[in-house]
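Asks: Dumping the structure here so I can ask a few things about it.
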Amino acid sequence: MKVIIQYTQTGLYRDYAWEASCIRMKGQFHAVTPSHAVQLIEQNKAQLHTDQTDNIVIID
């Protein structure tokens, strides 16, 4: 399961420690694991993306 986030800062990011880092641009949407989303949101590097009714967008 992954959730959609929107990056609020441009930088190098990776979802898992064994993955290569990828550059993500401010405003870019990306599917990440919920635990990684929490880390990025707490660090003010991303915000959770919701649909028009404020439901979290989840990808299986």
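The values are calculated or read from the model by the stated rules, or taken from the named source; none is laboratory data. Only a predicted model underlies this, so the values are computations on that prediction, with no experimental measurement involved. Cβ sites come from the backbone with ideal geometry, for glycine too, and all protein chains shown count toward neighbours. Please note that ligands, DNA and RNA were not included when accessible areas were found on the heavy atoms of the full protein model with its side chains. Shrake-Rupley method; radii C 1.70, N 1.55, O 1.52, S 1.80 Å.
Asks: Please go through the range 15-60 and give me each residue that is touching a residue at least 40 places away in the same chain (Cβ under 8 Å) and either open to solvent by 100 Å² or more (accessible area, probe 1.4 Å) or under 8 Å from the mean Cα position of the chain (by Cα) (or both), ordered by number. So that I can check it myself, show each step before the final result.
Replies: Of the range 15-60, the ones touching a residue at least 40 places away in the same chain (Cβ under 8 Å) are 46-49, 56-60.
If the condition is that a residue be touching a residue at least 40 places away in the same chain (Cβ under 8 Å) and either open to solvent by 100 Å² or more (accessible area, probe 1.4 Å) or under 8 Å from the mean Cα position of the chain (by Cα) (or both), then Ala46, Gln47, Leu48, Asp60 are the ones that fit.
Asks: Here is a further query. Answer with yes or no whether Tyr16 is closer than 17 Å to Val57 by Cβ and aromatic (Phe, Trp, Tyr).
Replies: Taking the combined requirement at face value, the residue does not satisfy it.
Asks: Could you say whether any residue in the range 34-53 is basic (Lys, Arg) and not in a loop (DSSP other than H, G, I, E, B)?
Replies: no
Asks: Name the residues in the range 1-14 that are open to solvent by less than 30 Å² (accessible area, probe 1.4 Å), out of contact with any Cys (no Cβ under 9 Å at 6 or more places or on another chain) and over 19 Å from Asp51 (Cα atoms), would you? Break it down into steps so the answer makes sense when it comes.
Replies: Within the range 1-14, the first condition is being open to solvent by less than 30 Å² (accessible area, probe 1.4 Å), and the residues that meet it are 3-5, 7, 11, 13.
If we keep only those that are out of contact with any Cys (no Cβ under 9 Å at 6 or more places or on another chain) too, we end up with 3-5, 7, 11.
The answer is Gly11, and nothing else.
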